[in-house]
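The values are calculated or read from the model by the stated rules, or taken from the named source; none is laboratory data. As the structure is a computational prediction, the values presented were derived from the model and not from experiment. Positions of Cβ are generated from backbone atoms using ideal geometry, with glycine treated the same way; all protein chains shown enter the neighbour counts. For accessibility, only protein heavy atoms count, side chains too; no ligands or nucleic acids. Shrake-Rupley method; radii C 1.70, N 1.55, O 1.52, S 1.80 Å.
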Amino acid sequence: MYSDLYKGGVFISNPYPIDDVGIKKTTLPNKVILPLNERMTEKATPCVKVGDLVLTGQVIASNDDFNSVPIHATVSGQVTAIDDHLIPHKSGFKTQCITIQSDGKDEWVKDENSTKDYWKYPQSLLIEKIHYAGIVGMGGAGFPTHIKLGLSQNCSTIIVNGTECEPGIMCDDALMQNYPSQVIKGVEILLHICGAERAIIAIENDKPDAYNSLLINNNNDRISIAHVPTKYTSGSEKLLTKTILDKEIPSGDFAIDVGIVCLNVATVKAIFDIIIEGKPLVSRIVTVTGSGVSKPYNYEARLGSSFEDIVSLSSPNKLKHDVRMGGMMMGIDVPSTDVPISKTCNCIFINNRVAKDTARECIRCGSCNQACPVGLLPQQLYWYSKSEKTDKAVEYSLFDCIECACCSYVCPSNIPLVEYFSFAKALHRNTSEEKRKANIARERFEYREFRLERNKTERAQMMEAKKKAIKEKMAKEKSQKDKITKAMERVNTNKKNKINE
Ligand code: SF4
Ligand code: SF4
């Protein structure tokens with residue numbers, strides 16, 4: 001058990017607990033809608049067209065950019081559309097998606113290059129296979145896993161993050177209870193890929209069943225399983241590293257920069273699926289919870305199936321709902337349940353719509369300062385963000401804010417602090433970008449002025465030189481003329497003198 005090594009954070013118990021944290025496998029969806037750009041990756045280009053027949057696990061879109069991951073068909077069937085569709089984004093954003101009508105057979109593409117005996121293969125080949133499988137960080141960040149692993153050579157420790165990001169989310173707990181041997185094998189694959197000495201699987205201390213399941217299945221003495229305090233936000237990469245290893249990750253750096261690879265437990269299971277089973281990422285476990293459903297639960301759903309497909313299994317009531325992807329603290333509000341499940345969708349909150357408490361004046365109680373797990377001063381950040389003095393907010397480490405919303409949660413005045421910080425960051429980025437553009441425009445203008453001035457001076461000097469040359473030429477010609485005239489006069493004088501003689 002690790003002690004509480006960082007200050008701040010908040011203790012929030014699961015508002016909608018359930019007795020058995022299981023997983024229901026959903027039936028195959030009739031159709032799936034697969035966006036061409038997942039979070040944090042470049043847009044992929046379709047390699048299928050409308051009418052094509054596809055198999056489950058077949059690549060249907062990809063991109064030459066190494067930072068992107070391919071997109072796979074998540075059911076077998078026929079491509080029926082490639083067009084814009086609403087995706088889970090708070091802006092109500094539409095993006096190009098591929099729609100596949102399922103044939104109900106779920107026929108899989110064959111894995112031609114089995115890597116079951118993974119220890120025989122070089123790390124680079126396994127990383128390539130993980131890239132091909134389209135695996136990204138499934139804890140919510142969505143960072144492509146092959147890039148992280150590509151940077152992981154000579155790292156000392158792997159941390160497998162089995163702490164749920166937020167209260168109410170149960171998908172990682174369910175995964176560890178239901179797939180413990182796969183998680184352990186996935187960690188062994190990672191030890192081989194990264195060459196790390198050890199791996200630590202971190203689990204919150206209110207999840208004894210997940211802890212015991214992994215313990216029973218672990219026979220590898222390089223893998224340990226650790227209980228960490230159940231405190232929000234223990235699951236953040238920096239805070240987990242601090243809690244487990246008592247190691248600080250400097251501002252602006254990531255765990256990988258200090259020789260630690262930190263991966264979510266669902267990402268590790270996805271690595272097992274591709275390396276051992278030859279299956280790319282086509283499904284994920286999603287928690288459905290909130291005040292608007294009477295049966296919160298976890299579902300293993302195909303990517304691209306709609307929120308509605310699985311929300312309907314949790315007995316939603318008939319009231320009006322707010323829909324949120326991710327947790328109650330850091331999740332994002334989405335416009336409806338008619339959006340597809342993505343790789344980073346760990347939870348769908350369905351909440352009865354209620355009037356929000358209005359924000360009041362700050363009473364300078366300092367609660368937000370105590371709650372901040374990163375050691376920032378949210379009260380100060382609030383004043384500077386509110387008055388749009390973003391340079392000052394940056395001086396107070398605005399960009400170290402992980403937007404965990406602990407400060408907003410404890411604020412007795414209901415001030416949506418995290419929204420101010422998110423706005424201030426965007427404003428500062430825009431202002432910096434505008435300043436950068438303005439600087440470039442000013443530099444161009446000044447250079448143009450300098451160039452025009454230089455041309456003018458050069459032209460004037462040239463004209464002066466020309467004038468001088470003409471003058472000199474004329475003077476020379478005149479002197480020559482004078483010489484000739486004088487010579488002629490001398491000749492004539494001589495002639496006259498000779499005649500007179
Ligand atoms: S949202 Fe930012 S300022 Fe507020 S508690 Fe979290 S890290 Fe601190
Ligand atoms: S918690 Fe709210 S009221 Fe208290 S100091 Fe922070 S912003 Fe002000």
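Equivalent-ellipsoid semi-axes (√(5λ), Cα gyration tensor) for segment 364-471, whole Å, largest first?
One finds semi-axes of 57, 10, 9 Å for segment 364-471.
Of all the accessible heavy-atom surface of segment 364-471, with the other protein chains kept in place and a 1.4 Å probe, what percent is carbon and sulfur?
53
Counting only C-alpha contacts under 8 Å and six or more residues apart, can you give the relative contact order of segment 364-471 as a whole percent?
Relative contact order, segment 364-471: 22 percent.
Just check segment 111-334 against the gyration tensor rule for me: Cα atoms, a ≥ b ≥ c as the square roots of the eigenvalues, rounded for a/c under 1.5, and otherwise prolate or oblate depending on whether a/b exceeds b/c.
Taking the square roots of the gyration eigenvalues as a ≥ b ≥ c, segment 111-334 is prolate.
Which of the aspartates and glutamates could a cross-linker bridge to Lys94, judged by Cα under 20 Å and excluding same-chain residues fewer than eight apart?
Glu38, Glu42, Asp83, Asp84, Glu308, Asp309, Asp322, Asp333, Asp338
Go through Lys207/Lys247; Lys129/Lys279; Lys129/Lys242; Lys129/Lys247; Lys116/Lys269 and tell me which ones have a Cα-Cα distance over 20 Å in this structure.
Result: Lys207/Lys247; Lys129/Lys242; Lys129/Lys247 exceed 20 Å.
For Ser291, Ser314, what's the largest-to-smallest order of accessible area, 1.4 Å probe?
Putting Ser291, Ser314 in descending order of accessible area: Ser291, Ser314.
Report the accessible area of Asp309, computed with a 1.4 Å probe over the heavy atoms of all protein chains in place, in Å² rounded to the nearest 10.
70
Top to bottom by accessible area (1.4 Å), largest first, where do Phe399, Phe66, Phe307 land?
Phe66, Phe399, Phe307
Could you name the aspartates and glutamates in cross-link range of Lys466, using Cα to Cα under 15 Å and dropping any fewer than eight places away on the same chain?
Candidates past the 8-residue exclusion: Glu458.
Can you give the local net charge around Lys94? Use residues other than it whose beta-carbon is closer than 14 angstrom to its beta-carbon, Lys and Arg +1, Asp and Glu -1.
After counting each charged neighbour, the total is -1.
If ligands, DNA and RNA are left out, what is the accessible area of His227 with a 1.4 Å probe, given in Å² to the nearest 10?
Its accessible surface works out to 40 Å², give or take rounding.
On a 1.4 Å probe surface of the protein chains, which of Trp119, Trp108 comes out largest in accessible area, and what is the full order?
Trp119, Trp108
How much accessible area per residue does segment 133-232 have, in Å², with a 1.4 Å probe?
31
For Met328, what accessible area in Å² do you get when you roll a 1.4 Å probe over the heavy atoms of the protein chains, rounding to the nearest 10?
60
Taking the Cβ of Gln78 as the center, what net charge do the other residues with Cβ under 13 Å away carry, scoring Lys and Arg +1 and Asp and Glu -1?
Here the charged neighbours net out to 0.
Would you compute, for the Cα atoms of the chain, the largest minus smallest coordinate along each principal axis and list the three values in descending order, in whole Å?
The Cα atoms of the chain stretch 149, 64, 50 Å along their principal axes.
Straight-line reach from Lys471: which lysines have a Cα under 23 Å away, not including same-chain ones fewer than 8 places off?
Straight-line reach from Lys471, under 23 Å: Lys456, Lys481, Lys483, Lys486.
Suppose each label sits 7 Å from its Cα in the direction of the beta carbon; what would the Gln101-Ser397 distance come out to in nanometres?
With each label point 7 Å from Cα toward Cβ, the separation is 5.7 nm.
Please tell me the relative contact order of the chain in percent, rounded to the nearest whole number, where contacts are Cα pairs under 8 Å and at least six residues apart.
For the chain, the relative contact order is 16 percent.
Counting Lys and Arg as +1 and Asp and Glu as -1, what is the net charge of the other residues whose Cβ lies under 14 Å from the Cβ of Glu453?
Here the charged neighbours net out to +2.
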